[in-house]
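Structure first, commentary second.
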Amino acid sequence: MSSDSFTKEKLDTYFKELAKEFRRLNGKSMPAEIVLVGGAAILINYGFRDMTADIDAVIHAASVMKDAINAVGDKFGLPNGWLNADFVHSGSYSPKLDEFSVYYKSFYGVLTVRAIAAEYLIAMKLRSGRKYKNDLSDVIGILAEHEKKGTSITFEKIDSAVRNLYGGWDSFPEDSKRFIKDALKSGDFENVYTSVKVEENESRDILIEFEKDYPKAAKESNINEILKTLKAKRKP
């Protein structure tokens, strides 16, 4: 099974099995909590994505949770690290994330799953700002769904989330703030979403081709510059 097939239904199945295995190993006295971020948080709260390639999470649990995660992975043929706690070493992590999560579901009385609240999820996506993944289209998708529900997300809310999580915009990609301001000003989220997805897919294809010629040359520190250079070469 490939890691690109995590759907909402499968997530619930895996969490049920994870809770069952964790209870078997650890008993009922010390419950665990998982806070979903990224694509997994979007998957359980929104309808514009059908699946996610990763399940990134902050995990609060006894050490046997690692064994439970591995057991579930073995049972369902999931890739190693299918529940990725290494996210905490990424730039979009903040120790304050738990404060801004909302309840999703509980499983077997020993596992509570939560997800990052909307404007904080947007802040995290803007902090990451990867133009070759789903970061920016996810931002627009969240804005669009809240607009339809009549619970619009303002720049003030996003700015507050940025400051609460990261202390400000200084650590963000230089164009993230402009991107969100322009998107909110436009208000035409459907067309913005389509154009951003096209750009993300193009960037992904460019990097795949680049990787064939220069394996492991692209890193988080230089990947945006590589994309900028390669796209400029493609222009007539």
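The values are calculated or read from the model by the stated rules, or taken from the named source; none is laboratory data. The structure displayed is predicted, hence computed values, not measured ones. A quick note on method: Cβ atoms are made from the backbone with ideal geometry, for glycine too, and the neighbour counts reach across all protein chains shown. Surface areas here come from the heavy atoms of the whole protein model, side chains and all, with no ligands, DNA or RNA. Shrake-Rupley method; radii C 1.70, N 1.55, O 1.52, S 1.80 Å.
What to note about this one:
- Ranked packing of 37-48, 9-20, 211-222, 145-156, most packed first, by mean Cβ within 10 Å: 37-48, 9-20, 145-156, 211-222
- Each Lys and Arg adds +1 at its Cβ and each Asp and Glu adds -1 at its Cβ; summed about the Cα centre, the chain shows a dipole of about 140 debye.
- Lysine-lysine proximity count for the range 1-103, Cα under 21 Å, sequence distance 8 or more or distinct chains: 14
- Prolate/oblate/rounded call for the range 129-189, Cα gyration tensor, a/c under 1.5 rounded: oblate
- Percent accessible area from carbon and sulfur atoms, the chain, protein chains only, probe 1.4 Å: 49 percent
- Heavy-atom surface of the range 110-236, accessible at 1.4 Å and reported per residue (Å²): 55 Å²
- Shape category assigned to the range 51-92 from the gyration tensor of Cα positions, a/c cut at 1.5: oblate
- For the range 59-198, a crude dipole built from +1 on the beta carbon of Lys and Arg and -1 on the beta carbon of Asp and Glu, taken about the Cα centre, is about 100 debye to the nearest 20.
- Computed from Cα atoms, the angle from the helix 223-234 axis to the main principal axis of the chain rounds to 40 degrees.
- Residues whose amide H comes within less than 5 Å of that of Ile55, counting only those at least five positions distant or on another chain, are Asn84 (H built at 1.01 Å from N in the peptide plane).
- Radius 14 Å from Cβ of Arg163, net charge of other residues (Lys, Arg +1; Asp, Glu -1): -1
- Its Cα centre serving as origin, the range 62-103 has a Cβ charge dipole (Lys and Arg +1, Asp and Glu -1) of approximately 60 debye.
- Distance from the C-alpha centroid of the range 172-206 to that of the range 1-66: 29 Å, rounded to the whole angstrom.
- The alpha carbons of the range 176-236 stretch over 40, 23, 20 Å along the principal axes, in descending order.
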